[in-house]
Amino acid sequence: MLKPVLLISLCAAISACNSWVNVTSAGQLVTVATPTEVMQCTRLGSANTSALSEIAFVQRGSQKLQQELIDLARNQAGDMGGNRIVVESPITEGQQSFGVYRCP
């Protein structure tokens with residue numbers, strides 16, 4: 001009985017460390033910017049992203065979660081024709097909002 005529990009726990013821990021987001025070709029053209037850097041750009045809208053903050057009761061690292069949310073926002077921004085994103089909210093329960101901009 002102990003072996004299955006250990007195996008499930010190990011799989012959950014490994015999954016919590018893994019990123020499941022692949023940046024698309026459009027998303028690869030999008031970079032993270034500061035509000036000052038997009039002052040001369042056109043705002044296209046928002047990208048609202050969400051990812052699991054824990055998997056099977058294992059808390060995911062904040063840096064891993066942040067990178068996954070950024071990658072999701074980059075993909076959305078690329079699909080919208082944007083080339084910059086700006087963080088607009090803190091991470092709350094695995095969700096974060098980004099502004100999407102098109103800059104020259």
Karplus (6.51, -1.76, 1.60) ³J(HN,Hα), θ = phi - 60°, over region 87-98, in Hz, Gly and Pro reported as x: 5, 10, 8, x, 6, 10, 6, x, 10, 8, 10, 10
Charge sum, other residues only, whose C-beta stays under 15 Å from residue 24's C-beta, Lys/Arg counted +1 and Asp/Glu -1: -2
Zone residues, region 80-104, relative to residue 50, backbone N less than 11 Å from point 7 Å out along Cα-to-Cβ: 93-96
5 angstrom amide H check on residue 31, placed H, neighbours 5+ away: 84, 85
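Read the figures in this text as sums done on the coordinates, not as results from a lab. These numbers come from a predicted model, not from an experiment. Positions of Cβ are backbone-derived with ideal geometry, glycine not excepted, and every protein chain shown enters the neighbour counts.
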